[in-house]
Amino acid sequence: METAAVAEIRNYTMNFGPQHPAAHGVLRLVLELDGEVVERADPHIGLLHRATEKLAEHKTFLQSVPYMDRLDYMSMTMNEHAYCMAVEKLLGIEPPIRAKYIRVMFDEITRLLNHLLWLGTHGLDVGAMTIFLYCFREREDLMDVYEAVTGARMHAAYYRPGGVYRDLPDCMPQFKAEAGHKDLDYLNANRQGSVLDFIEDFTKRFPALVDEYETLLTDNRIWKQRTVGIGVVTPERAKQLGFTGPMLRGSGFAWDLRKMQPYAAYEHMDFEIPVGKNGDCYDRYLVRVEEMRQSNRIIAQCVDWLKKNPGPVIIENHKIAPPGREAMKSNMEELIHHFKLFTEGMHVPEGEAYAAVEHAKGEFGVYIVSDGANKPYRLKLRAPGFPHLAAMDEMARGHMIADVVAIIGTMDIVFGDIDR
Amino acid sequence: MPLTPEALYERLQESLDDKIVAGKVALGEVTLEVKAEDWHGVCTQLRDESGLAFDTLIDLSGVDYSAYKDGTREGGRFAVVAHLQSVAKNHRVRVRAFCDDDELPLVASVVDVWAVANWYEREAFDLYGIVFDGHPDLRRILTDYGFIGHPFRKDFPLSGNVEMRYDPELKRVLYQPVSIDPREVTPRILREDNYGDSGRG
């Protein structure tokens, strides 16, 4: 009889993912369970490892820009921003002020895209279906902006060392008559003006939409039962574990690179940093929702400025930025510049630089070592999700299996940037 | 107000004194170079000294300097580079240590100083083969189970050594030598200093 009793209380090791819808990509998690309680969580990563850093060593500085989009594929332009800032630092150049404002606006649009996706999928993981549909509705508008400006709905490749690829277009693409579009005038009502007009209209609509999300979740009993007190990280541990961004702010630090170490045009922006108190999943949810409201404020300020201040969006130095088509066709010098820039690429002076942006998920940093060649000698990407996922074991220990899903959700995991 | 990089560098020189092998302030960033044997001590001091208070390890990476400037550089091959940040004081520093032995690059683990170093050190071990002495769990992290070699070393080919395919007859996955030839579209070019005044607008 005694041996049977011992056999009944053995621990189980369970495999979670890598093909699991709640694993947010390709996370393989090996869970050691005592009943339904997690004793140890061991994330196995690298299933999406594409060696971006090694590839970049074999590409010119310009050719690496689109690779940055594919890191954290939910916050595309922010990755490009950090990369371009690092190259600009080494080159000793500053982009024109209008380019800085465009970058800030796109960073914040991207932050909204990221947070909306995060909110939708986190809700879905925990069992809330409607929020997912609501969030994706707004993502659609923002991706239309992406498409109108950069030509791509997601992988923009819009930023360049020295500025952005082109200025904002004067018109917003409209819906055309086809099956399924019943009321064209209604659909195109806010698409009559420029892209900036469309974004302005969006910023006016958006706060009410955030209220709508909050009515679904903030006071929802089930949502709170699933998130309050789950995955608590104390302020001291948050620093030890290398948390940044909403994960650090959720634990009570008013730390935001946009305020603490301002880059681009953030010093001219008026916005607040939301801070959590308890460091649990619910606080991090509140922080991110408030961040959406603040991002919306920043976008509105950028739109206002951009409407009033036309100007160049990329520097005039043709060793770094290509000359205009017209100049190229009428001028031998510019033709040579164009040819050299797109074959050999720019030469970046010897040295090393680290540039970081306040990414939607935390601090995204790019460390470049250059030996003066036309390619980086070493490129290291500091992905915010990497240390967050590393804390999985500590955060999940002692929780139930169902809470593991909530914790994965709250970390805002995207495997593009963890595996790189 | 955070310290200016120059003031921070002076402050660091005062505290660390003879442990700094080389250091500079460039592009608004402070870089320190220390000996591999001092690595752990310096990191602990950077974290604990109240005026410095580097409470967060932002990034830790390996660098292989063997092909730097087309291999003309003198000195050790592997370096460990850490980027530290102080949330309390709002300043940053970069610390680098070259490993003494190129065959078995070894440096002390700083997991006990910053818990976040755990995965970063696993990554540097995986990609560069740098061994972190005292690491509690030094497994590979990004590469495949059973991977051979350290892929980010400069002598590791970009296209790798093995490729994987499914064999329908054996009904299992096979590893075989790569069938693609390495190809470089744009060659790597090092020009003389100030070539065409590039880079300075």
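Looking at the range A:44-71 only, could you name the residues that are within 8 Å of another protein chain (Cβ to nearest Cβ) and hydroxyl-bearing (Ser, Thr, Tyr)?
Of everything in the range A:44-71, just one residue is within 8 Å of another protein chain (Cβ to nearest Cβ) and hydroxyl-bearing (Ser, Thr, Tyr), namely A:THR60.
Identify the residue in the range B:17-32 that is in contact with a Gly (Cβ under 7 Å, 6 or more places away or on another chain) and closer than 19 Å to A:PRO349 by Cβ and, among all such residues, is most open to solvent (accessible area, probe 1.4 Å).
Among those residues, the one meeting the criterion is B:LEU27.
Which residue out of A:VAL366, A:VAL303, A:VAL357, A:VAL348 is among the β-branched types (Val, Ile, Thr) and more than 14 Å from chain B (Cβ to nearest Cβ)?
Among A:VAL366, A:VAL303, A:VAL357, A:VAL348, only A:VAL303 is among the β-branched types (Val, Ile, Thr) and more than 14 Å from chain B (Cβ to nearest Cβ).
Would you confirm, using the coordinates I've provided, whether A:ILE408 is touching a Leu at 6+ places or on another chain (Cβ under 9 Å), assigned to a loop (DSSP other than H, G, I, E, B), more than 12 Å from chain B (Cβ to nearest Cβ) and among the β-branched types (Val, Ile, Thr)?
Criteria not met by A:ILE408.
Which residue is surrounded by the most Cβ atoms within 10 Å (Cβ to Cβ), if the candidates are limited to the range B:1-14 and must be over 24 Å from the mean Cα position of the chain (by Cα) and not charged (D, E, K, R)?
Applying the filter and picking the extreme gives B:LEU3.
Test each condition in (1) within 9 Å of another protein chain (Cβ to nearest Cβ); (2) more than 19 Å from A:LEU241 (Cα to Cα) for B:HIS83 and report the one that comes out false.
(2)
Please enumerate the residues belonging to the range B:1-23 that are within 14 Å of chain A (Cβ to nearest Cβ), over 28 Å from B:ASP133 (Cβ atoms) and in contact with a strand residue (DSSP E or B) (Cβ under 7 Å, 6 or more places away or on another chain).
If the condition is that a residue be within 14 Å of chain A (Cβ to nearest Cβ), over 28 Å from B:ASP133 (Cβ atoms) and in contact with a strand residue (DSSP E or B) (Cβ under 7 Å, 6 or more places away or on another chain), then B:PRO2, B:LEU3, B:PRO5, B:LEU8 are the ones that fit.
Count, please, the residues in the range A:217-237 that happen to be open to solvent by 60 Å² or more (accessible area, probe 1.4 Å) and outside any helix (DSSP H, G or I).
The number of residues fulfilling the criteria is 4.
Does the range A:272-302 hold any residues that are of a type in the set (A, V, I, L, M, F, W, C), in a loop (DSSP other than H, G, I, E, B) and buried (at least 18 other Cβ atoms within 10 Å of the Cβ), and which are they?
Of everything in the range A:272-302, just one residue is of a type in the set (A, V, I, L, M, F, W, C), in a loop (DSSP other than H, G, I, E, B) and buried (at least 18 other Cβ atoms within 10 Å of the Cβ), namely A:VAL275.
When you go through (1) away from chain A (no Cβ under 14 Å); (2) over 14 Å from the mean Cα position of the chain (by Cα); (3) aliphatic (A, V, I, L, M) one by one for B:VAL107, which number turns out not to apply?
Checking B:VAL107 against (1) away from chain A (no Cβ under 14 Å); (2) over 14 Å from the mean Cα position of the chain (by Cα); (3) aliphatic (A, V, I, L, M), the one that fails is (2).
Being within 11 Å of chain B (Cβ to nearest Cβ) and of a type in the set (Gly, Ala, Ser) is the filter; apply it to the range A:388-405 and report the residue that is surrounded by the fewest Cβ atoms within 10 Å (Cβ to Cβ).
Here the answer is A:ALA390.
Every residue in the range A:125-163 that is open to solvent by less than 10 Å² (accessible area, probe 1.4 Å), within 30 Å of A:PRO376 (Cα to Cα) and either assigned to a helix (DSSP H, G or I) or free of Cβ contacts under 8 Å to residues at least 24 places away in the same chain (or both), please.
A:TYR146, A:VAL149
In this structure, does A:ALA327 turn out to be surrounded by 19 or more Cβ atoms within 10 Å (Cβ to Cβ), more than 14 Å from chain B (Cβ to nearest Cβ) and under 28 Å from A:LYS375 (Cβ atoms)?
no
Listed here are the residues, each with its yes/no results for (1) open to solvent by 80 Å² or more (accessible area, probe 1.4 Å); (2) part of a loop (DSSP other than H, G, I, E, B); (3) over 25 Å from A:LYS54 (Cα atoms); (4) within 12 Å of chain A (Cβ to nearest Cβ).
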site: B:GLY160; (1), (2), (3), (4): no, yes, no, yes
site: B:TYR166; (1), (2), (3), (4): yes, no, yes, no
site: B:GLN176; (1), (2), (3), (4): no, no, no, no
site: B:THR186; (1), (2), (3), (4): no, yes, no, yes
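Can you find, within the range A:238-271, the residue that is nearest to the other protein chains (Cβ to nearest Cβ) among those that are part of a helix (DSSP H, G or I) and among the charged types (D, E, K, R)?
A:LYS239
Kindly state which helices (runs of 4 or more DSSP H) lie completely within the range A:8-124 and contain at least 3 residues that are of a type in the set (A, V, I, L, M).
A:76-91
Is it the case, given these coordinates, that B:THR56 is open to solvent by 20 Å² or more (accessible area, probe 1.4 Å), within 13 Å of chain A (Cβ to nearest Cβ) and not hydrophobic (A, V, I, L, M, F, W, C)?
In short, no.
The values are calculated or read from the model by the stated rules, or taken from the named source; none is laboratory data. Since the structure is predicted, the reported quantities are computational estimates derived from the model, not experimental observations. Cβ atoms come from the backbone with ideal geometry, glycine included; neighbour counts cover every protein chain shown. The accessibility values were calculated without ligands, DNA or RNA, using every heavy atom of the protein model including side chains. Shrake-Rupley method; radii C 1.70, N 1.55, O 1.52, S 1.80 Å.
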